[in-house]
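Notes follow once the structure below has been shown.
The values are calculated or read from the model by the stated rules, or taken from the named source; none is laboratory data. Keep in mind the model is a prediction, meaning the values are calculated, not measured. Cβ sites come from the backbone with ideal geometry, for glycine too, and all protein chains shown count toward neighbours.
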Amino acid sequence: MEREKLLRLATELIAQHTGQKRPVAGQPTNNWVFRTTDAEAPLLVKFIPANQKRRMETELALSKYISSQAGVPIPRILAQGTKEGQHFLLREVIPGITLRQALSENANPKPLFLQAGETLAQFHSFSFAAKGLFNPDLSIDENVDLFNQAEYEGFLTVLQAKKQLSAKEYNVLRDIRVNDYYDISENVLCHCDYSPDNILVQNCRIVGVLDFEYSCSAPFMDDLAAFDLFASLNGYGKYLDCFYEGYSKFRPISDFYFSGLNFYKFYRLISMLSYQLGADRFHGPFLEQMKQELARTKQEFCA
């Protein structure tokens, strides 16, 4: 029943904001997402829960800001609001395939890794005085636990409750002082989910970046480490030199990043894993792969 209602709303919203009646089809991911299915320029309608409305408003503001200030290609948002009690976002779709798919089809991934680094450096061209989440007016909410001890210990608590950490491992890992790793650099516009699934490619060129609604003002290290972790988990670790080379063309990378890289990757791993395990709705090979990576990497910090 929910699907039929949202399908009707998606069709009506596209007609309302474009003047065209377009066929659409949809499926649930983290949220319900509907896409046009004809041969015209593709459009997407995303419906989100009420508790994410503020993040949707922030995504709209960030979209306008990034489009006007940076060279990073992102989808243009056409409308956002509420219809029949459903919060929605209507945006264009940049044609292309994900970087993950492009890498699997490309015999020479090096140019794509180089471009991935260059694109991320453009995201990081904006610096901010404080660390925190963006509000819809793009002010910064500093009252959020972000890359600090409280957030870190929260991740560990979830992993222990889900039996991914023993009591001894939990106590040893809690002794790590997160500030020593994160409170040592400027805060930049971090994507916060910079992965091959959120980067679009067409004709061997990166043409778009998706899903930046959780972007925040944070230390640059997390985005770099996230991409490094995803590449390593998917067997592309040998091309990461190209990624860092591309990034360094626009922004220098401090030596402390590479000396602390294993912890930055560990932090990204436990943040993703605790979220997925805490939600109790994510399953599949990649979740198991992350569990195995945790089993391997935690030993370095628990020895």
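In the set 132, 117, which member is of a type in the set (Gly, Ala, Ser), modelled with pLDDT of 95 or more and closer than 21 Å to residue 219 by Cα?
Testing whether each residue is of a type in the set (Gly, Ala, Ser), modelled with pLDDT of 95 or more and closer than 21 Å to residue 219 by Cα leaves just 117.
Test residue 152 against the criterion of being in the same structural domain as residue 139 (by TED's automatic domain parsing), under 21 Å from the mean Cα position of the chain (by Cα) and within 16 Å of residue 124 (Cβ to Cβ), and give yes or no.
no
Would you mind stating whether residue 206 is in the same structural domain as residue 258 (by TED's automatic domain parsing) and loosely packed, with under 15 Cβ neighbours inside 10 Å?
Taking the combined requirement at face value, the residue does not satisfy it.
If you check 171, 198, 187, which single one turns out to be exposed (fewer than 15 other Cβ atoms within 10 Å of the Cβ) and either of a type in the set (S, T, N, Q) or in contact with a Cys (Cβ under 8 Å, 6 or more places away or on another chain) (or both)?
Only one candidate passes the filter, namely 171.
When only residues in segment 133-149 that are part of a loop (DSSP other than H, G, I, E, B), surrounded by 12 or more Cβ atoms within 10 Å (Cβ to Cβ) and charged (D, E, K, R) count, which is nearest to the chain's Cα centre (by Cα)?
Per the stated criteria, the residue is 145.
If I filter segment 30-55 down to residues being assigned to a helix (DSSP H, G or I) and touching a residue at least 12 places away in the same chain (Cβ under 8 Å), which single residue comes out as surrounded by the fewest Cβ atoms within 10 Å (Cβ to Cβ)?
50
Taking interchain pairs and intrachain pairs at least six residues apart, which have beta carbon atoms under 9 angstrom, with the first residue in segment 269-287 and over 18 Å from residue 225 (Cα atoms) and surrounded by 12 or more Cβ atoms within 10 Å (Cβ to Cβ) and the second modelled with pLDDT of 85 or more and basic (Lys, Arg)?
Correct list of pairs: 277/162; 277/291; 278/162.
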